[in-house]
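A.B. asks: I have a structure here, written as structure tokens, and I will follow up with some questions on it.
Quick note: the coordinates plus some simple rules give every number you see, no bench work behind them. Computed from a predicted structure; not experimentally measured.
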């Protein structure tokens with residue numbers, strides 16, 4: 001477990017799967033920028049059984065409050081075999097936790113952790129154009145805007161541009177330094 005000031009990051013356990021599925025299925029709380037593709041409970045359980053949601057090409061951690069209540073998730077994934085580094089995706093499941101710095105803390109911890117764990121040169125985030133909250137989280141955590149991927153995603157019946165942000169290893173504080181500043 002990575003203990004932050006207001007949140008913790010921890011790996012998923014088998015006991016979390018039912019709640020994780022329920023939280024990921026709540027379309028009302030997903031917001032306009034999240035995909036409306038509902039998860040499959042059998043696929044979720046199968047993937048967990050095979051990898052525990054942690055492998056060289058994909059990993060997921062839960063974001064919990066200090067009482068261990070699941071409030072979100074953050075993950076890394078290899079989006080193309082030829083790219084160095086990982087892409088990061090994140091979401092908060094509970095509307096009442098948004099706008100309080102929760103994801104900024106989670107992303108800072110997670111980014112530093114990934115650089116400590118893997119010999120990678122960069123991390124990247126893509127967020128739908130117009131998703132001001134997600135763009136601000138990325139920028140607060142030191143990610144630099146690299147450009148726009150035009151009509152790069154299909155969501156809710158139409159194509160959308162994605163904004164690309166990156167963070168290089170040398171731009172990211174160490175995990176120890178991040179923990180000291182929280």
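A.B. asks: Pairs of Cα atoms under 8 Å, at least six residues apart: use those to get the relative contact order of region 1-157, whole percent. Write down the numbers at each step before the final one.
C.D. replies: Details: 185 pairs, mean separation 34.3, N = 157.
Averaging sequence separation for qualifying contacts and normalising by length gives 22 percent for region 1-157.
A.B. asks: If each Cα of region 2-181 is one equal point scatterer, what is log10 of I(q)/I(0) from the Debye formula at q = 0.09 Å⁻¹?
C.D. replies: These q points yield log10 I(q)/I(0) values of -0.30.
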